[in-house]
Amino acid sequence: LAPQDQEQKGVKGIIYMGARTTGISLDRLYIDVGYLLGEPIYGELAQLWKRVGTVSDKAQQLVSYLCDGVYIILWDNFEDLLTSDGTITDEGVYAFLESLLRQQHGIKLVITCREEILLPVGTYHRARFIRLDKGLPEDDAITLMRELDHDGEGGLLNAPEHQLRDATRRVFGIPRAIEIIAGILRQDPTVSLEDLLLDHDLFGERVVENLIAEGYIRMDEKSRRVIEALAVLHFPVPSVAVEYLLFP
């Protein structure tokens, strides 16, 4: 949640909401918009939430507060709010999205999602879909690989460019796969990028899943336990929660 200078940026405010971090809901959006706009709007929105009856009316009222400029709202990992056919499960979120697509306002809503979203009927012409089915360009992927090994401990910073280029091609420039390669090399000093590239099975059709499995196998027992604890918790937690879960 970050207010911006309108004259310099052309944007009056940015609100980030993640399904796996902050949560995405209409009541949370009321709070974040209130924080962004400050008093007396924060108090007005708090009273409005209590006073307005239907979810649809709450959504329309909130949109009306964001008509005096450009506001960017980002919803991340939105697939967590969808059914198998792409229907939005949260009534308030659906109402807010429908209000956005049917009213005039200054809001730019950006949604990241791994699945197709079923939008309200008659609103598809107001939405733009950008499908990210390709990885980074080779030069950008190589830059990322070197940046992930900023101190050279993983051997990527000073690795021959032909090896880095080969690796980025084999993972199709997928940033997540590049991150995993860097993680494997940093945690296991006995293996080099050249060693990984010799394992052709590793860079098969399901390259990201293969690399994740390889990284897990190469972890020590304590690290595996931490990963298992995080998998059980499923969402970001303070380190004390992991310590409690792993306590004998």
> Which residue out of 171, 207, 191, 240 is surrounded by fewer than 16 Cβ atoms within 10 Å (Cβ to Cβ) and either of a type in the set (A, V, I, L, M, F, W, C) or touching a strand residue (DSSP E or B) at 6+ places or on another chain (Cβ under 9 Å) (or both)?
Replying inline: 240
> How many of the residues in the stretch 214-237 are more than 17 Å from residue 176 (Cα to Cα) and either touching a residue at least 24 places away in the same chain (Cβ under 8 Å) or assigned to a loop (DSSP other than H, G, I, E, B) (or both)?
Replying inline: 8
> With respect to the numbered conditions (1) in a helix (DSSP H, G or I); (2) under 17 Å from residue 109 (Cβ atoms); (3) open to solvent by 20 Å² or more (accessible area, probe 1.4 Å); (4) of a type outside the set (Gly, Ala, Ser), which one is the sole condition not fulfilled by residue 29?
Replying inline: (3)
> Of the residues 185, 211, which single one is assigned to a helix (DSSP H, G or I) and in contact (Cβ under 8 Å) with a residue 40 or more places away in the chain?
Replying inline: 211
> Can you tell me which residues in the stretch 194-204 are in a helix (DSSP H, G or I) and either of a type in the set (S, T, N, Q) or open to solvent by 20 Å² or more (accessible area, probe 1.4 Å) (or both)?
Replying inline: 194, 195
>> Scan the stretch 10-24 and tell me whether some residue there is surrounded by fewer than 16 Cβ atoms within 10 Å (Cβ to Cβ) and either more than 24 Å from residue 117 (Cα to Cα) or touching a Cys at 6+ places or on another chain (Cβ under 8 Å) (or both).
In response: yes
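Does the stretch 104-112 include one or more residues that are of a type in the set (S, T, N, Q) and in contact with a strand residue (DSSP E or B) (Cβ under 6 Å, 6 or more places away or on another chain)?
First, the residues of the stretch 104-112 that are of a type in the set (S, T, N, Q): 104, 112.
The next check asks that each one be in contact with a strand residue (DSSP E or B) (Cβ under 6 Å, 6 or more places away or on another chain); those that pass are 112.
Looking through the stretch 104-112, at least one residue is of a type in the set (S, T, N, Q) and in contact with a strand residue (DSSP E or B) (Cβ under 6 Å, 6 or more places away or on another chain).
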>> Would you confirm, using the coordinates I've provided, whether residue 72 is among the hydrophobic types (A, V, I, L, M, F, W, C) and under 20 Å from residue 121 (Cα atoms)?
In response: no
> Would you pick out the residues in the stretch 39-69 that are open to solvent by less than 50 Å² (accessible area, probe 1.4 Å), touching a residue at least 40 places away in the same chain (Cβ under 8 Å) and within 17 Å of residue 108 (Cα to Cα)?
Replying inline: 59, 63, 66, 69
>> Looking only at residues that are of a type in the set (D, E, K, R) and open to solvent by 100 Å² or more (accessible area, probe 1.4 Å) in the stretch 98-115, which one is farthest from the chain's Cα centre (by Cα)?
In response: 102
>> For the stretch 152-168: of the residues being acidic (Asp, Glu) and farther than 23 Å from residue 209 by Cβ, which is most open to solvent (accessible area, probe 1.4 Å)?
In response: 153
>> Among (1) modelled with pLDDT of 90 or more; (2) open to solvent by less than 90 Å² (accessible area, probe 1.4 Å); (3) more than 20 Å from the chain's Cα centre (by Cα), there is one condition residue 178 misses while meeting the rest; what is its number?
In response: (3)
>> Test of understanding: among 149, 80, which residue is among the charged types (D, E, K, R), closer than 30 Å to residue 189 by Cβ and surrounded by 14 or more Cβ atoms within 10 Å (Cβ to Cβ)?
In response: 149
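The values are calculated or read from the model by the stated rules, or taken from the named source; none is laboratory data. Since we're looking at a predicted model, the values are computed, not measured. Cβ coordinates were reconstructed from backbone atoms using ideal geometry, including for glycine residues, and neighbour counts include every protein chain displayed. Surface accessibility is based on the protein's heavy atoms, side chains included, excluding ligands, DNA and RNA. Shrake-Rupley method; radii C 1.70, N 1.55, O 1.52, S 1.80 Å.
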